[in-house]
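In what follows, a structure is listed as structure tokens, so that the remarks can point back to it.
The values are calculated or read from the model by the stated rules, or taken from the named source; none is laboratory data. As the structure is a prediction and not an experimental result, all values here were calculated from the model. Note that each Cβ is placed from the backbone with ideal geometry, even for glycine, and that neighbours are counted across all protein chains shown.
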Amino acid sequence: MRRCAVIGSPIEHSMSPLLHRTAYRQLGIADEFSYDRFEVTPSTLDTFLAGLGDEWIGLSVTAPNKQALLAHGMCDDVATTLRSGNTIIFGHDGQPNQVHNTDVTGLLGALTKKNITCLEHLALVGAGATARSALWAAAQLGLDEVMVLARDEQRARASLTGLAAALNVTIHHAPLSGPIALPAGWERADLLVSTIPATLPDALVSQLVGLSDAVFEVVYNNYPSAFDRAAIAAGIPHLDGFDLLVGQAIDQIRLMTGRDADAEPLLELCRAEALRHS
């Protein structure tokens, strides 16, 4: 049996095992591959990886390990630039481990499915690893300017200012509180991306959604979130956290198994499971 898993902390509520195991059944390889989850932090990552045997193919890697993972293999260009990896494929027979970032391809794939293929103005809530991936993905769609809304502006500047400059994107910073004022020259945001797990006041969410032409809530923990509900009520295109979860997982499954899984049944499964536990 070839082994894969997701690691992170906290990890007990991760839907990745359900998602990957279902994909294995869909692909007819459930008797060849297993997928588990393990509580791992940056302080225990080295020991955990050192204890894995040759039967291990790869890992999905979530917070807080995405930056620490970079020290454990050859990184692709996106993982290197974003200082964030979410997938490791183990080398065998003397080959090095490979570290990838599939968050970006997951974001791009989800946006393309909604026919969002050109962006000028992005409103970005949060400033962590997923926000960096969202900024990179938006830049691939021609982004000119981003407004970053964060509770800690100093942290947001440290995380995103250099990346925005490297991508030739003008960055504006604003507090994550109302009332929200768009940067000069903006009529609306082409896309609002929320990357934070915290729940925001409904009034603030409604104001942000009201200033945007489309919404991507990338966190699925509280599905359907306030952003999901507000976008649906506003009748504008919206994507939820499962669009990203499944999108990035499809690439992980391909890297781990060499097979392409069908996204739609996985999306339906994840949303149904989330609603069952809501």
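Among the residues of segment 201-221, the ones that are closer than 13 Å to L244 by Cα and in a loop (DSSP other than H, G, I, E, B) come to 4 in all. Among the residues of segment 74-120, those that are exposed (fewer than 14 other Cβ atoms within 10 Å of the Cβ) and assigned to a loop (DSSP other than H, G, I, E, B) comprise G91, H92, D93, G94, Q95, P96, N115, T117, C118.
Within segment 191-206, residues that are closer than 21 Å to I116 by Cβ reach partners that are surrounded by 11 or more Cβ atoms within 10 Å (Cβ to Cβ) and among the hydroxyl-bearing types (S, T, Y) with beta carbons closer than 8 Å, at six or more positions or on different chains, in the pairs L191/S212; L192/S212; S194/S225; T195/T130. Please determine whether any residue of segment 49-63 is outside any strand (DSSP E or B), buried (at least 18 other Cβ atoms within 10 Å of the Cβ), polar (S, T, N, Q) and assigned by TED's automatic domain parsing to the domain that holds I253. Scanning segment 49-63, I find at least one residue that is outside any strand (DSSP E or B), buried (at least 18 other Cβ atoms within 10 Å of the Cβ), polar (S, T, N, Q) and assigned by TED's automatic domain parsing to the domain that holds I253, so the answer is yes. Among all positions in segment 190-197, there is no residue which is surrounded by fewer than 16 Cβ atoms within 10 Å (Cβ to Cβ) and hydrophobic (A, V, I, L, M, F, W, C). Might you check whether a residue that is within 15 Å of A23 (Cα to Cα) and without any contact (Cβ under 8 Å) to a residue 40 or more places away in the chain occurs anywhere in segment 230-237? No, because not a single residue in segment 230-237 is within 15 Å of A23 (Cα to Cα) and without any contact (Cβ under 8 Å) to a residue 40 or more places away in the chain.
For every residue, the table says whether it meets (1) in contact with a helix residue (DSSP H, G or I) (Cβ under 8 Å, 6 or more places away or on another chain); (2) assigned by TED's automatic domain parsing to the domain that holds F90; (3) surrounded by fewer than 21 Cβ atoms within 10 Å (Cβ to Cβ).
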{"site": "N222", "(1), (2), (3)": "no, no, yes"}
{"site": "F227", "(1), (2), (3)": "yes, no, no"}
{"site": "I232", "(1), (2), (3)": "no, no, yes"}
{"site": "L255", "(1), (2), (3)": "no, yes, yes"}
{"site": "R259", "(1), (2), (3)": "yes, yes, yes"}
{"site": "D262", "(1), (2), (3)": "yes, yes, yes"}
{"site": "P265", "(1), (2), (3)": "yes, yes, yes"}
{"site": "E268", "(1), (2), (3)": "no, yes, yes"}
{"site": "A272", "(1), (2), (3)": "no, yes, yes"}
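With the condition kept exactly as written, say whether any residue in segment 137-159 is more than 25 Å from S16 (Cβ to Cβ), of a type in the set (G, A, S) and touching a Pro at 6+ places or on another chain (Cβ under 9 Å). Yes, segment 137-159 contains a residue that is more than 25 Å from S16 (Cβ to Cβ), of a type in the set (G, A, S) and touching a Pro at 6+ places or on another chain (Cβ under 9 Å).
Screening A123, A164, A134, A184 for residues that are outside any helix (DSSP H, G or I) and surrounded by 18 or more Cβ atoms within 10 Å (Cβ to Cβ) leaves exactly one candidate, A123. It is to be established whether one or more residues within segment 180-196 are hydroxyl-bearing (S, T, Y) and more than 23 Å from the chain's Cα centre (by Cα). For segment 180-196, residues hydroxyl-bearing (S, T, Y) and more than 23 Å from the chain's Cα centre (by Cα): absent.
Each residue in segment 76-119 was checked for being closer than 18 Å to I171 by Cβ and touching a strand residue (DSSP E or B) at 6+ places or on another chain (Cβ under 7 Å), and 1 of them qualify.
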